[in-house]
Amino acid sequence: MKVLLTGGAGYIGTHTAIALHDQGHQVVIVDNLANASQEAVKRAEQITGTSMPFYEIDVCQIDALRRVMEATKPDAIIHFAGLKAVGESVAQPLRYYDNNLNSALSLVKVMLECDVQHLVFSSSATVYGDPERLPLTEDCRIGVGITNPYGWTKYMIEQMLRDISLAEPQLAITILRYFNPVGAHPSGLIGEDPLGIPNNLMPFVAQVAGGRRPEVQVFGNDFDTVDGTGVRDYIHVSDLAAGHVAALDHSQPGVSTYNLGSGRGTSVLELIAAFEQACGHTIPYRIVGRRAGDIDSSYCDPELARRLLGWKTEHTIEDACRDSWHWQRLNPMGYISQ
Ligand code: NAD
Ligand code: UFG
């Protein structure tokens with residue numbers, strides 16, 4: 001299959017490009033480099049020993065997108081493109097709604113024009129908002145307790161896709177709700193490279209471990225969890241990438257929705273301890289107040305993806321810490337320092 005990855009120069013996109021290549025698929029990458037470096041695509045090419053056509057375009061620009069689709073004629077699209085920083089989305093809601101909703105709309109319009117039937121969409125556990133129950137299954141209620149515009153864009157795009165599917169039943173749409181992607185390619189050549197100060201726990205811990213930042217701030221130790229710190233379902237990015245390949249292999253008309261997570265919860269302090277094991281030294285941390293909008297716990301039941309896609313996670317949190325640390329050590333300032 002020829003698969004076009006929007007946002008394919010980003011963290012999850014580059015790992016998925018490699019997984020697709022390893023399973024015999026052809027890859028085309030589209031990205032406006034708003035939160036990525038073309039160096040990441042070059043590294044993916046280096047790892048796979050193949051060339052990956054790259055188009056620097058904004059997916060919201062429908063004419064540019066149409067030209068790429070007509071030139072490359074993909075069989076399937078994975079729509080990673082989107083802005084994803086939760087705090088930034090609160091400060092810049094218009095930019096988030098504009099980019100995330102319009103890119104999805106342009107894409108579906110051009111898919112229909114060009115008769116491309118298969119779409120995989122990067123959604124998020126954030127659509128569950130305040131979890132109705134744990135572990136989260138795909139039929140849990142969504143949309144109650146979403147606390148930021150980023151989360152609402154995922155919720156709205158999911159709804160748009162379900163509505164469009166009713167009118168365009170030939171479309172095969174897979175919604176993947178990612179839990180917390182972490183880790184890096186075992187080569188250490190590609191990994192997560194956040195702009196500025198990382199918002200997410202794992203890249204922050206990695207930068208403290210590498211000496212780039214002085215200490216981890218632990219946002220609250222009074223949650224209703226094993227040690228009072230927030231519990232999340234961390235999934236190795238290589239497992240997540242494999243989930244996309246499985247989703248394409250099983251793509252069928254209508255909308256299919258899957259949780260992609262490990263099914264295991266890990267607290268902030270447990271993650272720091274696992275990273276200390278990986279890097280071989282202690283990681284300074286300080287308990288501070290809660291971050292607005294954070295919930296106690298979020299983890300999924302990944303059984304549906306196991307049963308219907310034949311997919312399950314293979315990597316542990318220890319593997320993810322080892323691979324993040326490898327990436328951090330080889331690329332202390334991310335791609336930019338190369
Ligand atoms: P990322 O920022 O590394 O990748 C997203 C890519 O999209 C970037 O390379 C960016 O330059 C590109 N992009 C943004 N807007 C674009 C546009 N209009 N046109 C073209 N390219 C555009 O993020 P990621 O972690 O790889 O996430 C990929 C997708 O998965 C995103 O949609 C994100 O919301 C979703 N997701 C991520 C997480 C996470 O924690 N990493 C969790 C759940 C869902
Ligand atoms: N945390 C800290 N210190 C930090 C960063 C995070 O203690 O410096 C804590 C948080 O309070 C939370 C846990 O670490 O308990 C995980 O926080 P992240 O920011 O890494 O992840 P979130 O679960 O808050 O959110 C992430 C993405 C969302 C996505 C969600 C589910 O940022 O976009 O996972 O996929 F929707």
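If a residue has to be over 10 Å from Phe80 (Cβ atoms), touching a residue at least 40 places away in the same chain (Cβ under 8 Å) and buried (at least 20 other Cβ atoms within 10 Å of the Cβ) to count, how many in region 18-35 make the cut?
5
Could you tell me how many of the residues in region 136-194 are within 16 Å of ligand 2 (Cβ to nearest atom), among the small types (Gly, Ala, Ser) and within 23 Å of Ile77 (Cβ to Cβ)?
Going through region 136-194 one residue at a time, the tally reaches 1.
List every residue pair whose Cβ atoms lie under 6 Å apart, where the two residues are 6 or more positions apart in sequence or sit on different chains, the first residue falls within region 209-228 and is farther than 23 Å from Ala278 by Cβ and touching a residue at least 60 places away in the same chain (Cβ under 8 Å), and the second residue, located anywhere, is in a loop (DSSP other than H, G, I, E, B) and open to solvent by 60 Å² or more (accessible area, probe 1.4 Å).
Gly220/Arg290
Those residues that are more than 14 Å from ligand 1 (Cβ to nearest atom), touching a residue at least 60 places away in the same chain (Cβ under 8 Å) and either at positive phi or touching a helix residue (DSSP H, G or I) at 6+ places or on another chain (Cβ under 9 Å) (or both), I need them from region 36-50; list them, please.
Correct list: Ile47 only.
Run down Ser267, Ser297, Ser238, Ser251 and say which single residue is open to solvent by less than 10 Å² (accessible area, probe 1.4 Å) and of a type in the set (S, T, N, Q). Don't jump to the end; show me each part of the working.
On the way: Ser297 fails: open to solvent by less than 10 Å² (accessible area, probe 1.4 Å); Ser238 fails: open to solvent by less than 10 Å² (accessible area, probe 1.4 Å); Ser251 fails: open to solvent by less than 10 Å² (accessible area, probe 1.4 Å).
Going through Ser267, Ser297, Ser238, Ser251 in turn, just one is open to solvent by less than 10 Å² (accessible area, probe 1.4 Å) and of a type in the set (S, T, N, Q): Ser267.
Which of the residues that make up region 195-214 are more than 10 Å from ligand 2 (Cβ to nearest atom) and open to solvent by 40 Å² or more (accessible area, probe 1.4 Å)?
Leu195, Gly196, Gly210, Gly211, Arg212, Pro214
Looking only at region 82-103, filter to residues that are touching a residue at least 40 places away in the same chain (Cβ under 8 Å) and away from ligand 2 (no atom under 16 Å from the Cβ); which one of those is most open to solvent (accessible area, probe 1.4 Å)?
Result: Asn102.
Quick check on Leu65: is it more than 22 Å from Val237 (Cβ to Cβ) and crowded, with 24+ Cβ neighbours inside 10 Å?
yes
(1) touching a Leu at 6+ places or on another chain (Cβ under 7 Å); (2) within 16 Å of ligand 1 (Cβ to nearest atom): which one isn't true of Asn331, the others all being true?
Every condition holds for Asn331 apart from (1).
Is one or more of the residues making up region 57-77 in contact with a helix residue (DSSP H, G or I) (Cβ under 9 Å, 6 or more places away or on another chain) and either aromatic (Phe, Trp, Tyr) or within 14 Å of ligand 2 (Cβ to nearest atom) (or both)?
no
Across region 311-338, which residue is surrounded by the fewest Cβ atoms within 10 Å (Cβ to Cβ) among those that are among the small types (Gly, Ala, Ser) and within 20 Å of the chain's Cα centre (by Cα)?
Result: Gly334.
Report, ordered by the first and then the second residue, all pairs with beta carbons closer than 7 Å, sequence separation of six or more or different chains, a first member in region 181-203 that is at positive phi, and a second member that is among the β-branched types (Val, Ile, Thr).
Note: pairs meeting the criteria are Gly183/Val237.
Out of all the residues in region 233-257, which are touching a Gly at 6+ places or on another chain (Cβ under 7 Å) and either within 10 Å of ligand 2 (Cβ to nearest atom) or more than 16 Å from Arg307 (Cα to Cα) (or both)?
Those that are touching a Gly at 6+ places or on another chain (Cβ under 7 Å) and either within 10 Å of ligand 2 (Cβ to nearest atom) or more than 16 Å from Arg307 (Cα to Cα) (or both): Asp233, Ile235, His236, Val237, Ser238.
Taking Glu132 as meeting all but one of (1) outside any helix (DSSP H, G or I); (2) surrounded by fewer than 17 Cβ atoms within 10 Å (Cβ to Cβ); (3) within 15 Å of ligand 2 (Cβ to nearest atom), write down the number of the exception.
All conditions pass for Glu132, except number (3).
The values are calculated or read from the model by the stated rules, or taken from the named source; none is laboratory data. Bear in mind the structure is a predicted one, so any value in this text is a computation, not a measurement. With ideal geometry, Cβ positions are generated from the backbone for all residues, glycine too; neighbour counts draw on all protein chains shown. The area values use the complete protein model at the heavy-atom level, side chains included, leaving out ligands, DNA and RNA. Shrake-Rupley method; radii C 1.70, N 1.55, O 1.52, S 1.80 Å.
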